[in-house]
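Here is the structure we will look at.
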Amino acid sequence: MLYTTNIPPCLKVADLGCSSGTNTLLVITEIIEALDKRCHQLNRDTPEFQVFLNNLLSNDFNIIFKTLPAFYEKLKKEKGEKFGYCSISGLPSSFYERLFPSSTIDFVHSSYSLRWLSQVPSMTESNKGNIYFVRMSPPSVHKAYLEQFQKDFSLFLSLRSKKITSGGRMVLTMLGRRSEDPFGNACYIWEYLSKSLNDLVSEGLTEEAKVDSFNLPFYMPSSEELEAIVSAEGSFYLDELEFFYINWDGCDDDDNKELVFNRFTSGQKVAKIIRAVIEPLIACHFGDSVIEILFSRFMEYVSDHLSRDEGKLVNFIISLRGK
């Protein structure tokens, strides 16, 4: 879109699965910077922007709205008189439902949200003692997770294809795996969290039945699975599918070279990251009283793992173009 002169007078952008914290407006900031730079090269005014921030009803949109006056003022100050109007609004709803009128959105973005499934997979066999599938899980458990992801991602693509404009683009970022083997390095994280919950069961701090009935509603696909779903659904061209690795604790390898590696510090960081992601689900099912001791045990398991092996996550970046 940047390297064409056919930039619309008002660019309509949707950020699906936005947050409600300090990084919420980073995406639209990057988009504005890129378009503003390109328009200066073309010696034309920057387009207006209409931005839709989407997340579930539980997302605190009021936090976002309170930051908008300062955001708008900063844009005016930095970009000058030629900068177009920018309007940002909230759209509370599931992105597994219809969100926009037909052919209205030019650019769709979603980051680290599509790993979340619309529901916990329906499993014919119990995943006893685990909150995600592991090597010891019955084969039907992984099959149920994969089928639910295929269903949800296909629906997501179908819904977006009807709303994106001609020439529109969609860029998605999600956690996944490089190998077709579904039991990769990242799965250890959830296995350690399962072990931590089972420790609480053995100590009488929670019930075994609660652990057995709890399964996380997300899936980390392989690149082959993603390509197959995009091809089978048929609404988009797959322009790019790239990946990069990130450490469990979020630190760069260059940082680790400069600092003496401390497995306990890294374990604490991983525990904080995972807690930030899934604490509401854990608290809802097991109660608030187990949270502190649970993530303390989880930190110990992760620290022990990092003392023996590396911890890597795979991030996919997918660029799609509407047919």
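Here are some notes:
- Of all residues in region 1-57, those satisfying the criterion of being among the charged types (D, E, K, R) and either touching an Asp or Glu at 6+ places or on another chain (Cβ under 8 Å) or touching a residue at least 60 places away in the same chain (Cβ under 8 Å) (or both) are Lys12, Asp15.
- Filtered residues of region 293-323 (kept if of a type in the set (Lys, Arg) and in contact (Cβ under 8 Å) with a residue 40 or more places away in the chain): Arg297, Lys312, Arg321, Lys323
- Here the condition is being within 26 Å of Phe156 (Cβ to Cβ), in a loop (DSSP other than H, G, I, E, B), out of contact with any Cys (no Cβ under 6 Å at 6 or more places or on another chain) and in contact (Cβ under 8 Å) with a residue 60 or more places away in the chain; of Ser103, Ser122, Ser126, Ser110, it holds for Ser103 alone.
- Applying the condition of being of a type outside the set (Val, Ile, Thr) and under 30 Å from Gly234 (Cα atoms) to region 276-323 and asking which residue is surrounded by the fewest Cβ atoms within 10 Å (Cβ to Cβ) yields Lys323.
- The condition of being among the acidic types (Asp, Glu), at pLDDT 90 or above and under 17 Å from Arg115 (Cβ atoms) holds for only one of Glu225, Glu208, Glu203, Glu233, that being Glu225.
- Extreme residue, surrounded by the most Cβ atoms within 10 Å (Cβ to Cβ), among residues of region 134-154 that are of a type in the set (S, T, N, Q) and in a helix (DSSP H, G or I): Gln148
- Segments classed as helices (runs of 4 or more DSSP H), wholly inside region 156-251, with at least 3 members that are exposed (fewer than 15 other Cβ atoms within 10 Å of the Cβ): 223-233
The values are calculated or read from the model by the stated rules, or taken from the named source; none is laboratory data. Predicted model, so just to flag it, every value in this text is computed and none were measured. Glycine gets a Cβ as well: all are built from the backbone with ideal geometry, and neighbour counts include every protein chain shown.
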